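Shown next, in structure tokens, is the structure this report addresses.
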Amino acid sequence: MNKIFLETIRALDSQVYHLSYHQERYEGVLKYFGIREIFSLKEYLNPPKNGLYRCRLTYDISKTPHQIEVSYYPYKKREIGSLKLIYDDFIEYSMKYTNREELDALFAKRGLCDDVLIVKNSLLCDTSIANIAFFDGDRWVTPKKPLLNGTTRQRLLSEGKIFEEDITVDDLKKYSKAALMNAMIDFDIISKKIEEIFC
């Protein structure tokens with residue numbers, strides 16, 4: 001089993017964003033595997049002073065104590081305006097592993113679309129890189145069973161800005177807009193009407 005995990009953290013002009021949610025997820029993984037030695041991720045982060053960076057923090061729990069490594073990459077947003085529905089009832093990515101082979105294999109099926117939207121057991125989940133939410137005219141709703149509970153998704157749920165529901169493909173006609181969520185893009189509303197997003 002893959003025992004190297006990942007946190008992707010946003011840093012702008014050396015300021016790190018929403019670190020408490022990354023710390024909470026990291027601690028949750030350690031607790032799941034019965035690891036009691038917990039580090040403060042803040043102590044490992046020293047992003048560049050200028051610019052927007054993706055901080056890639058990995059931790060390898062196959063070693064005792066587990067080892068944390070951090071690297072920094074200038075960030076340029078990947079524009080996503082179209083999604084292809086891809087069905088896979090067996091994909092598993094409930095923890096943020098560095099091994100993304102299953103996700104990459106589904107992403108490779110996107111055809112001319114920018115990304116995929118994964119459907120598992122008849123329910124919408126996530127894209128290959130983000131959680132998703134849909135606007136019903138009143139509220140933003142996110143799938144109740146995502147592949148991965150992202151830190152931005154968790155934060156917006158905690159703040160009461162989005163709400164969980166099971167969403168099927170047939171439910172899409174109820175919504176007018178879609179938005180993607182992850183640590184780097186925060187809550188990014190796709191400019192197209194929902195019927196124009198799926199290809």
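Key figures for this structure:
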read-out: Rounded tilt (10° steps) of 19-32 against the dominant C-alpha axis of the chain; value: 80
read-out: Measure of compaction for region 4-74 (Cα Rg per 2.2 N^0.38 Å); value: 1.10
read-out: Kirkwood-based Rg to Rh ratio, region 102-199, C-alpha trace; value: 0.93
read-out: Order of Asp186, Asp88, Asp126 - criterion: other Cβ atoms within 10 Å of each residue's Cβ, fewest first; value: Asp186, Asp88, Asp126
read-out: Selection from Cys125, Leu57, Val141 lying farthest towards where the dipole of the chain points positive, charges on Cβ; value: Leu57
read-out: Value at 222 nm in deg cm²/dmol, rounded to 500, when DSSP H runs of n ≥ 4 in the chain each add -39,500 (n - 2.57); value: -4500 deg cm²/dmol
read-out: Dipole magnitude of the chain, debye to nearest 20 (Cβ charges: Lys/Arg +1, Asp/Glu -1, about Cα centre); value: 400
read-out: Links that overshoot a 32 Å alpha carbon limit, given the list Lys63/Lys144; Lys42/Lys173; Lys3/Lys144; value: Lys63/Lys144; Lys42/Lys173
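Bear in mind these aren't lab numbers, they're just calculated from the coordinates by the rules spelled out. Keep in mind the model is a prediction, meaning the values are calculated, not measured. As a convention, Cβ positions derive from the backbone with ideal geometry for all residues, glycine included, and neighbour counts pool all protein chains shown.
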